[in-house]
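In what follows, a single structure is set out as structure tokens and then discussed.
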Amino acid sequence: MSDCIFCRIIKGEIPSDTIYEDGDMLAFRDITPQAPVHFLVIPKKHIGSLMEAEREDASLLGKLLHKAGELAAEQGCSERGARFVINCKSDGGQTVDHLHIHVLGGRMMMWPPG
Ligand code: 5GP
Ligand code: ZN
């Protein structure tokens, strides 16, 4: 989608601090980090939100989650862990309508979220 900010990052039209890329996905640091480690894992396919994902996207979703865990460990979170978050639509606090997994680490997270 030409007007989607994350699609524009994927196309290289907007710079990002990329930590991983393959044919299916991109992972890059959040521009407004909420923790010492905060990056996003996104599919290259434009999917508006988790609730727009289709059955055929199941394997892609699995790859995203698996890579999110692997990258969290690489970024120094293997011992103390991390928080993996998918905000969905307005009540979920989603502000960019391109499915993304937040990975937050390097500090203790609160529960429940506000
Ligand atoms: P959401 O609120 O939709 O779950 O998360 C969107 C995230 O994208 C926010 O944490 C926000 O800081 C991040 N973000 C928005 N625009 C950009 C951008 O242009 N570059 C990067 N790296 N992150 C962005
Ligand atoms: Zn998009």
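The values are calculated or read from the model by the stated rules, or taken from the named source; none is laboratory data. Not measured: the values here are computed from a predicted model. We place every Cβ from the backbone using ideal geometry, glycine too, and count neighbours over all the protein chains shown. Each accessible area value is taken on the protein alone, full model and side chains, heavy atoms only, with ligands, DNA and RNA left out. Shrake-Rupley method; radii C 1.70, N 1.55, O 1.52, S 1.80 Å.
Structure remark: mean-square fluctuation, Gaussian network model of the chain, C-alpha springs under 10 Å; the largest value among Glu56, Glu74, Glu13 belongs to Glu56. For Cys4, the accessible surface of its heavy atoms amounts to roughly 10 Å² (probe 1.4 Å, protein chains only, rounded to the nearest 10).
Using heavy atoms of the protein chains and a probe of 1.4 Å, the accessible area assigned to Arg8 is about 90 Å². Estimated from the Cβ-Cβ distance and a Förster radius of 22 angstrom, the FRET efficiency linking Ala73 and Val96 is about 0.30.
Between Lys11 and Phe84, the modelled label-to-label distance comes to 3.0 nm, taking each label 7 Å out from Cα in the direction of the beta carbon.
Once a ≥ b ≥ c are taken as the square roots of the eigenvalues of the Cα gyration tensor of the chain, is the result rounded (a/c under 1.5), prolate (a/b larger than b/c) or oblate (a/b not larger than b/c)? In terms of gyration-tensor shape, rounded. Taking every protein chain into account, the accessible area of the chain amounts to 61 square angstrom per residue (probe 1.4 Å). Extending 7 Å from Cα along the Cβ direction at Tyr20 and again at Met110 yields two label points whose distance is 2.9 nm. Cysteine residues of the chain whose C-beta has no other cysteine C-beta under 4.7 angstrom: Cys77, Cys88.
Can you give the local net charge around Pro36? Use residues other than it whose beta-carbon is closer than 13 angstrom to its beta-carbon, Lys and Arg +1, Asp and Glu -1.
Taking every other residue near Pro36 into account, the sum is +3.
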